[in-house]
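Student: Next up is a structure, given as structure tokens.
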Amino acid sequence: TLKHTKGGGDIVTSEQFENFELTWDWKIATGGNSGLKYNLPDANKAVGFEYQMIDDKAHEDGLKGGARTTASFYDIVPPLPDKAYKPAGEWNTSKVVVQDRKIQHWLNGKLAAEADTTSPEWAAQVAKSKFKSKVGFAPGKGKIMLTEHGAETWFRNLRVMVK
């Protein structure tokens, strides 16, 4: 088990991935916020897709709902309303599946959100997000990052399968 604490910094893969399936278990402290970013062409800029991991019931972003809650494509695509979320302090199991720029976010064995990043709908959602002016935002290949947003977050059983 990896325990991320405030000031611990981000953890980034050295390898880049394009088509893959990534699974991991995680839990977050009450009121916490974290995420798993992927398709990062440059980890120093941290501009890529983010699987949001947050205390939906106590963090200010989580309380906003929509694309700021657990299992969302952060600030772009909200999760389904009936996602299988376990609250802060409990272990969740997540999965990201990326195949030919089609992406799925899973939470505790249930599909939570999906997107086709080649579609006009995706382009419209990005245009409404905070990433609208980011040049080269999340291309089809990049590194994976466990983010540190100042909250205690635990990770275990991280597995990447290249497709």
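The values are calculated or read from the model by the stated rules, or taken from the named source; none is laboratory data. Values in this document were obtained by computation on a predicted structure and should not be read as measured data. No Cβ is skipped: glycine too gets one built from the backbone with ideal geometry, and neighbour counts run over all protein chains shown. Note: accessible area is taken over every heavy atom of the protein model, side chains too, but ligands, DNA and RNA are not part of it. Shrake-Rupley method; radii C 1.70, N 1.55, O 1.52, S 1.80 Å.
Student: Could you list all residues from the stretch 2-33 that are of a type in the set (S, T, N, Q), modelled with pLDDT of 95 or more and more than 23 Å from Ile103 (Cβ to Cβ)?
Tutor: Thr30
Student: Is there any pair linking a residue in the stretch 125-152 that is closer than 16 Å to Ile76 by Cα to one that is among the small types (Gly, Ala, Ser) and surrounded by 18 or more Cβ atoms within 10 Å (Cβ to Cβ), with Cβ under 6 Å and at least six apart or on different chains, and which?
Tutor: Between residues of the stretch 125-152 that are closer than 16 Å to Ile76 by Cα and residues that are among the small types (Gly, Ala, Ser) and surrounded by 18 or more Cβ atoms within 10 Å (Cβ to Cβ), the close pairs are Ala138/Gly48.
Student: Which residue is nearest to Thr117 (Cα to Cα), if the candidates are limited to the stretch 34-50 and must be modelled with pLDDT of 90 or more and of a type in the set (D, E, K, R)?
Tutor: In this case the residue turns out to be Glu50.
Student: Considering the stretch 51-75 alone, what residues qualify as being surrounded by 22 or more Cβ atoms within 10 Å (Cβ to Cβ), free of Cβ contacts under 8 Å to residues at least 60 places away in the same chain and of a type in the set (A, V, I, L, M, F, W, C)?
Tutor: Selection gives Ile54, Ala71, Phe73.
Student: Run Met161 past the list (1) within 15 Å of the chain's Cα centre (by Cα); (2) at pLDDT 95 or above; (3) not small (Gly, Ala, Ser) and report the number of the one that doesn't hold.
Tutor: Of (1) within 15 Å of the chain's Cα centre (by Cα); (2) at pLDDT 95 or above; (3) not small (Gly, Ala, Ser), only one is false for Met161: (1).
Student: Determine the pairs where a residue that is on the phi > 0 side of the Ramachandran plot, located within the stretch 1-21, has a partner that is open to solvent by less than 50 Å² (accessible area, probe 1.4 Å) and in a loop (DSSP other than H, G, I, E, B) with Cβ atoms under 6 Å apart, the partner being 6 or more residues away or on another chain.
Tutor: Within 6 Å, the pairs are Gly9/Glu148.
Student: Quick check, is Ser94 closer than 25 Å to Ile11 by Cα, open to solvent by less than 30 Å² (accessible area, probe 1.4 Å) and touching a Gly at 6+ places or on another chain (Cβ under 8 Å)?
Tutor: Judged against the criteria, Ser94 is not a match.
Student: Shifting gears a bit: Looking at (1) part of a loop (DSSP other than H, G, I, E, B); (2) in contact with an Asp or Glu (Cβ under 6 Å, 6 or more places away or on another chain); (3) of a type in the set (Ser, Thr, Tyr), find the lone condition where Thr118 falls short.
Tutor: Going through the list (1) part of a loop (DSSP other than H, G, I, E, B); (2) in contact with an Asp or Glu (Cβ under 6 Å, 6 or more places away or on another chain); (3) of a type in the set (Ser, Thr, Tyr), Thr118 breaks only (2).
Student: Give Lys86, Lys130, Lys102 a once-over and let me know the one that is within 16 Å of Phe17 (Cβ to Cβ), open to solvent by 30 Å² or more (accessible area, probe 1.4 Å) and out of contact with any His (no Cβ under 7 Å at 6 or more places or on another chain).
Tutor: Among Lys86, Lys130, Lys102, only Lys102 is within 16 Å of Phe17 (Cβ to Cβ), open to solvent by 30 Å² or more (accessible area, probe 1.4 Å) and out of contact with any His (no Cβ under 7 Å at 6 or more places or on another chain).
Student: While we're looking at this one, here's another question. Find the residue count for the stretch 105-127, including only residues that are surrounded by fewer than 19 Cβ atoms within 10 Å (Cβ to Cβ) and polar (S, T, N, Q).
Tutor: 3
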